[in-house]
Amino acid sequence: MLVLAGAPLGVNFAVVDGSRDACAGQVAPLHVADWRDFDALERFAAGVDVVTFDFENVPAETAQWLSARVPVFPGPAALALAQDRVSEKNAFRAIGLQTPAFEPIASRAELDAAAVRVGLPAILKTRRLGYDGKGQFRLRGVADLDSAWAALGAQAQPHGLVLEAFVPFTRELSVIAVRGRDGDFRAWPLTQNWHRDGILALSLAPAAAAPELQRQALEHARQLAERLDYVGVLALELFEHEGRLLGNEMAPRVHNSGHWSIEGAVVSQFENHVRAVLGWPLGDTALRAPSLMFNWIGALPQPAVAALALSAVRWHDYGKAPRPGRKVGHATVCAADAGVLARQARALARALACEDQLEAARPWLPAA
């Protein structure tokens with residue numbers, strides 16, 4: 001999607017990925033290499049003007065190594081911060097964004113003690129290499145401590161775990177923002193998200209929110225970007241709890257909950273990321289139309305062609321082989337107002353027999 005957004009601007013791309021079937025290889029030259037294959041990366045760096053990434057588990061040391069040879073945006077420090085949940089939460093608190101209670105865990109004894117201080121229910125997570133619900137275990141009570149440690153304890157060394165208090169949040173929100181090389185900062189409207197099994201299922205933009213809540217969310221994103229001297233698109237994932245915002249995670253990249261911006265915003269997160277890392281002026285992030293994105297997980301719903309009969313639907317097939325838990329595509333419904341959006345979203349759900357996916361969002365959509 002970065003390539004598709006940048007090509008009309010005259011930007012040429014090359015992609016490094018360890019998989020021969022990486023979907024970006026459909027639209028740009030693909031160099032198949034491990035991200036720690038520095039001989040291959042040396043050749044890659046010699047042929048490009050700037051490097052970026054769209055996956056937060058690219059090794060930070062690789063980004064650092066590349067930055068000595070070619071500009072890398074976002075910077076390696078931001079990537080490293082986002083790869084450590086404890087450092088990430090400390091950064092949130094440093095800008096005044098509160099988080100659920102948490103404690104780092106390096107041993108079973110520390111887990112037992114933290115369960116008392118943080119309280120249960122709680123969620124045990126790996127400090128590193130976790131996304132889309134991976135590397136997590138929910139503890140409902142003391143009886144779950146043994147199972148949690150059996151599931152994740154082996155990862156306590158060398159990187160550690162973190163125990164986070166479970167928050168009975170009202171909803172999940174995200175801010176997708178972009179900062180240019182010159183410090184220009186812009187953000188798309190606050191987005192409401194729904195997850196299934198830890199993976200994004202739906203995103204609604206704009207989220208219904210009081211202006212003050214929207215202002216706070218954007219200000220937190222701005223402060224975080226400035227603190228990190230960030231360049232490019234970032235996502236700040238938030239919980240709304242008792243009328244206030246809590247920081248959950250940040251993603252140092254274009255983000256799944258911003259995919260709606262391809263059709264729903266004046267300039268998408270993908271185009272603005274390309275503009276930012278190249279040092280070009282940023283584009284308008286204003287809403288073009290209210291949008292609801294359906295994320296397709298595991299396999300595309302069938303018959304996919306039924307979606308194309310609906311004028312408000314835009315279909316995206318990533319060309320990935322089906323696999324449980326894998327993001328293989330999305331569809332975005334755009335409409336002139338919230339009422340039309342709700343009707344079109346229900347029509348899409350009926351056409352693809354995925355009404356259950358839409359169910360969680362129904363309380364936030366106008367009635368038929």
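Values quoted throughout were computed directly from the atomic coordinates according to the rules given, and no laboratory measurement underlies them. From a predicted model like this one, the values you see are computed outputs, not experimental measurements. Please note: Cβ atoms are built from the backbone with ideal geometry, for glycine as well, and neighbour counts cover all protein chains shown.
Overview of values
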read-out	value
Which of 177, 223, 280, positive extreme of dipole for the chain (C-beta unit charges)	177
Per-residue HN-Hα couplings for segment 153-158 [Karplus 6.51, -1.76, 1.60; θ = phi - 60°; Hz; x = Gly/Pro]	x, 5, 9, 5, 10, x
Unit charges on C-beta of K, R, D, E only; dipole of segment 171-363, Debye	420 debye
Extreme residue, positive dipole direction of the chain, given options 262, 318, 292 (C-beta unit charges)	292
Dipole magnitude of segment 40-135, debye to nearest 20 (Cβ charges: Lys/Arg +1, Asp/Glu -1, about Cα centre)	240 debye
Efficiency of FRET from Cβ geometry, residue 112 and residue 280, R₀ 56 Å, rounded to 0.05	0.60
The chain: relative contact order as a whole-number percent, Cα under 8 Å and 6+ apart	14 percent
About the Cα centre, charge dipole magnitude for the chain (Lys/Arg +1, Asp/Glu -1 at Cβ), debye	420 debye
Net lengthening on full extension, residue 147/residue 305 (0.36 nm per residue, minus Cα-Cα)	52.5 nm
Over segment 64-159, relative contact order from alpha-carbon pairs under 8 Å, at least 6 apart, %	22 percent
Taking segment 96-233 and dividing mean pair separation by its residue count, relative contact order in percent (alpha carbons under 8 Å, at least six apart)	23 percent
In order through segment 343-359: 3J(HN,Hα) via Karplus (6.51 cos²θ - 1.76 cosθ + 1.60), integer Hz, x for Gly, Pro	5, 5, 5, 5, 5, 5, 4, 5, 4, 9, 6, 10, 4, 5, 5, 7, 4
Whole-Å distance, taken between Cα centres, linking segment 33-93 and segment 324-368	36 Å
Residues residue 14 and residue 140, FRET efficiency given R0 of 51 Å [Cβ-Cβ distance, rounded to 0.05]	0.60
Tail fraction, Cα-Cα pairs, the chain, threshold 32 Å, whole percent	34 percent
Sorted largest first, extent of segment 101-165 alpha carbons per principal axis (Å)	25, 23, 22
